[in-house]
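Visitor: The structure under discussion is supplied below as structure tokens; questions concerning it will follow.
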Amino acid sequence: MAAIGSAVGLGNIWRFPYVAYENGGGAFLIPYFVAMFTAGIPLMMLEYGLGIKMQRSAPASFAKVDKRFEWVGWWAVIVAFLLVAYYAVIMAWCWNYLFYSATLAWGSDTHGFFHHQVLQLNQPPGGLGGIPGYILLGLALTWVCVFFTISRGVRQMGRVAMWIVPLPFILLAVLAARGLTLPGAIEGISYYLEPNFSQLLSPQVWLAAYGQVFFSLSLATGVMITYASYLPHDSEVTNNAFITSFADTGISFFAGFTIFSILGYLAQATGVEVAEVATSGIGLAFVTIPAAISKLPLAAPLFGMLFFLTLLMLSFTSAFSLVESCVSSLVDKWQISRRKATLVVTSLAFLVGLVYSSRGGLYWLGIADHWVSNYGLVAVGLVEAVVLAYFFGASPFRTFLNSVSEIRVGGWWEIMVKFIAPSILGLSLGLSLYREFQQPYSEYPIWCLVVGGWLMVVGAIILAFIFQRVGGRE
Ligand code: PHE
């Protein structure tokens with residue numbers, strides 16, 4: 001239950017539609033589903049299995065596979081930290097929108113409102129320029145809530161999660177019903193569902209699909225390993241991996257309908273093509289959802305508040321899991337108090353988040369999201385799969401999975417984790433890396449990409465090695 005709470009979050013409602021939109025709309029669904037079956041689900045089984053077997057957080061679990069691989073766990077944990085630092089900033093936007101909903105403050109130009117009123121974006125890419133007060137407040141509120149929950153232990157989160165996970169389904173259904181009956185909706189939906197096969201030749205679309213699957217399923221961050229480690233060592237794995245993945249994907253897919261139908265409407269209202277309707281993809285949900293809420297015939301503010309409240313609750317369960325992964329790793333290794341570890345993690349992440357909250361922060365956030373989820377998560381996932389498939393051994397791992405699980409996995413699973421997943425992940429990483437140098441991301445100044453992207457991803461590996469070397473327990 002906590003795992004579903006972790007998986008379902010901003011990734012489904014904020015990130016999936018915008019990544020699909022930037023990577024060719026409907027064309028994106030094909031790599032997405034391929035990614036889910038070739039890497040997402042097999043890797044989730046690996047992570048659940050590892051956690052259940054080793055009963056430890058990610059670094060200590062990898063250390064138990066082989067002492068030399070503790071760094072792999074740390075790498076995942078550091079990526080989790082980098083991720084939650086900007087995740088919390090999007091939660092800060094949600095807090096703001098919760099209050100704007102009460103009066104439908106966004107008016108008719110939801111795009112202008114988001115960029116100028118809420119984010120007060122007035123810097124070129126690379127600038128900072130102060131922090132809007134309400135965003136800062138939202139960020140602080142988020143971190144205070146996270147601190148008090150995690151420092152007390154996260155176990156009861158699962159039960160809460162199960163109650164709130166069905167809610168977005170219902171609310172999205174209401175908004176989808178409204179969206180689908182707006183003029184132009186059909187163009188939006190056909191952009192969403194119509195595959196444009198030429199996009200499938202771009203390695204970056206594939207990398208984005210793998211990145212999104214890992215992001216959405218909470219993989220490659222140590223989260224699923226840590227959560228699984230709290231279960232008894234003979235807990236069921238494979239069935240749970242399927243349930244988590246399908247529940248999560250269902251919500252993403254559904255959110256896509258809602259967002260794209262509204263995009264179609266906005267495109268028609270402004271007289272442009274669907275593909276051109278929003279200039280910055282990253283704020284897509286914050287532009288389209290409010291537009292749909294305003295169009296509800298009845299109790300629009302109420303629905304708006306309910307929607308953003310749900311979004312916040314969903315994202316809290318995800319943020320908790322990310323912080324929990326960091327905290328439990330620190331506690332496992334250095335045996336500091338949980339409270340102290342939580343204080344360190346939350347305050348550092350808050351400080352990093354200040355950059356993303358600034359008046360040029362949207363660009364920094366875009367860069368961080370691109371690098372952390374594409375290069376960070378996918379690279380970690382690749383290394384995890386290789387270490388477990390070759391050093392623990394795919395075959396003993398499968399025997400273990402089958403000894404505890406209801407659904408037994410066949411030989412296909414071994415082939416998947418030994419050959420298919422590593423080669424596709426490696427290939428799309430390599431080719432995208434090449435492309436990245438040929439044609440830099442969004443044509444931002446190069447130094448921004450180096451500082452906000454490369455340095456973080458490469459720095460994470462170096463830091464991971466350092467953590468492995470610094471002595472701790474065992
Ligand atoms: N899966 C979460 C979401 O979709 C984000 C997340 C990523 C949480 C990685 C934990 C680990 O919003």
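The values are calculated or read from the model by the stated rules, or taken from the named source; none is laboratory data. As the structure is a computational prediction, the values presented were derived from the model and not from experiment. Glycine gets a Cβ as well: all are built from the backbone with ideal geometry, and neighbour counts include every protein chain shown. Ligands, DNA and RNA are stripped out before the accessible areas are found, and what is left, the full protein with its side chains, is counted by its heavy atoms. Shrake-Rupley method; radii C 1.70, N 1.55, O 1.52, S 1.80 Å.
Visitor: Compute, for the chain, the length of the dipole vector about the Cα centre, with Cβ point charges of +1 (Lys, Arg) and -1 (Asp, Glu) only. Units Debye, rounded to 20. List each step's numbers first, then the result.
Guide: Working: 22 positive and 21 negative charges, 267 e Å.
Roughly 1280 debye for the chain.
Visitor: Using a 1.4 Å probe over the heavy atoms of the protein chains, calculate the carbon and sulfur portion of the accessible area of the stretch 229-337 as a whole percent.
Guide: Numbers: 2530 of 3700 Å².
The value for the stretch 229-337 is 68 percent carbon and sulfur by accessible area.
Visitor: Still on this structure: At a 10 angstrom cut-off on C-beta neighbours, averaged per residue, how do the peptides 447-456, 399-408, 353-362 rank from highest to lowest?
Guide: Numbers: 447-456: 17.3, 399-408: 15.0, 353-362: 22.9.
With the highest mean Cβ count within 10 Å placed first, the list reads 353-362, 447-456, 399-408.
Visitor: Kindly identify the stretch 85-152 as rounded, prolate or oblate by the Cα gyration tensor criterion: order the square roots of the eigenvalues as a ≥ b ≥ c, call it rounded if a/c is under 1.5, otherwise compare a/b with b/c, prolate if a/b is larger, else oblate. Don't skip to the answer; put the middle values down first.
Guide: On the way: a/c = 2.88, a/b = 1.38, b/c = 2.09.
Because a/c hits 1.5 or more and a/b fails to exceed b/c, the stretch 85-152 counts as oblate.
Visitor: Rounded, prolate or oblate for the stretch 39-87? Axes are the square roots of the Cα gyration tensor eigenvalues, ordered a ≥ b ≥ c, and the cut-off for rounded is a/c under 1.5. Could you put the intermediate results ahead of the total?
Guide: Numbers: a/c = 2.14, a/b = 1.27, b/c = 1.68.
It is oblate, given that a/c is not under 1.5 and a/b is not larger than b/c.
Visitor: Roll a 1.4 Å probe over the protein heavy atoms and report the accessible area of residue 115 in Å², nearest 10.
Guide: 10 Å²
Visitor: Counting heavy atoms of the protein chains only and a 1.4 Å probe, report the per residue accessible area for the chain as a whole number of Å².
Guide: Details: 17650 Å² over 474 residues.
The answer is 37 Å² per residue.
Visitor: Select from 232, 417, 405 the residue farthest towards the positive end of the dipole of the chain; place +1 on Cβ of Lys and Arg, -1 on Cβ of Asp and Glu, and compute about the Cα centre.
Guide: It is 232.
Visitor: Going by average Cβ density within 10 Å per residue, which order do the peptides 417-427, 49-59, 318-328 take, highest to lowest? Show your work: numbers first, answer last.
Guide: Values: 417-427: 18.5, 49-59: 24.8, 318-328: 27.6.
Packing proxy ranking, top to bottom: 318-328, 49-59, 417-427.
Visitor: Right, here's the next one. What shape does the stretch 329-474 take by its C-alpha gyration tensor, where a ≥ b ≥ c are the square roots of the eigenvalues and a/c under 1.5 counts as rounded, a/b above b/c as prolate, and the rest as oblate?
Guide: Oblate.
Visitor: Output ³J(HN,Hα) for the stretch 421-427: one whole-Hz value per residue in order, computed from phi by the Karplus curve 6.51 cos²θ - 1.76 cosθ + 1.60 with θ = phi - 60°, and x for Gly and Pro.
Guide: Each residue of the stretch 421-427 in turn: 4, x, 6, 5, 4, x, 5 Hz.
Visitor: Follow-up question, since we're still on this one. Taking a cut-off of 24 Å, what percent of all Cα-Cα pairs in the stretch 43-132 are separated by more than that?
Guide: 49 percent
Visitor: I would also like to ask the following. What Kirkwood radius, in Å to one decimal, follows from the Cα pairs of the stretch 130-216? Could you put the intermediate results ahead of the total?
Guide: Working: mean 1/r = 0.0562 Å⁻¹.
One over the average 1/r among Cα pairs gives 17.8 Å for the stretch 130-216.
Visitor: How large is the helix-only mean residue ellipticity at 222 nm for the chain, computed as the sum of -39500 (n - 2.57) over DSSP H runs with n ≥ 4, divided by its residue count, in deg cm²/dmol to the nearest 500? Kindly include the intermediate steps, with their values, before the conclusion.
Guide: Details: 23 runs with 318 residues, N = 474.
Per the formula, -21500 deg cm²/dmol.
Visitor: Each residue of the stretch 179-196 in order: what ³J(HN,Hα) in whole Hz does its phi give by Karplus 6.51 cos²θ - 1.76 cosθ + 1.60, θ = phi - 60°, with x for Gly and Pro?
Guide: x, 5, 9, 7, x, x, 4, 4, 4, x, 5, 6, 5, 5, 9, 7, x, 10
Visitor: Could you work out the relative contact order of the chain, using alpha carbon pairs under 8 angstrom and six or more residues apart, expressed as a whole percent?
Guide: Details: 789 pairs, mean separation 164.5, N = 474.
Reported relative contact order: 35 percent.
Visitor: At a 1.4 Å probe radius, which order do 469, 435 fall into by accessible area, largest first? Spell out each step's value before the answer.
Guide: Details: 469 205, 435 85 Å².
My answer, sorted largest first, is 469, 435.
Visitor: What does the charge count around residue 46 come to, taking other residues whose C-beta lies under 12 Å from its C-beta (Lys +1, Arg +1, Asp -1, Glu -1)? Provide the component values of the computation, followed by the final result.
Guide: Details: positive: 53, 398, 418; negative: 47, 384, 414.
Net of charged neighbours comes to 0.
Visitor: Students often get this wrong: which residues of the stretch 21-52 have the backbone nitrogen under 15 Å from the point 7 angstrom along Cα-to-C-beta of residue 420?
Guide: 31-46
Visitor: What is the Cα radius of gyration of the chain over 2.2 N^0.38 Å, N being its residue count?
Guide: Numbers: Rg = 21.1 Å, N = 474, 2.2 N^0.38 = 22.9 Å.
Output field value: 0.92.
Visitor: Given points 7 Å out from each Cα along the Cα-Cβ axis, report the residue 335 to residue 102 separation in nanometres with one decimal.
Guide: 5.0 nm
Visitor: Let me ask something else. Tell me the net charge near residue 266. Cut-off is 12 Å between Cβ atoms, residue 266 excluded, with +1 for each Lys or Arg and -1 for each Asp or Glu. Provide the component values of the computation, followed by the final result.
Guide: Numbers: positive: 295; negative: 109, 187, 273, 276.
In short, -3.
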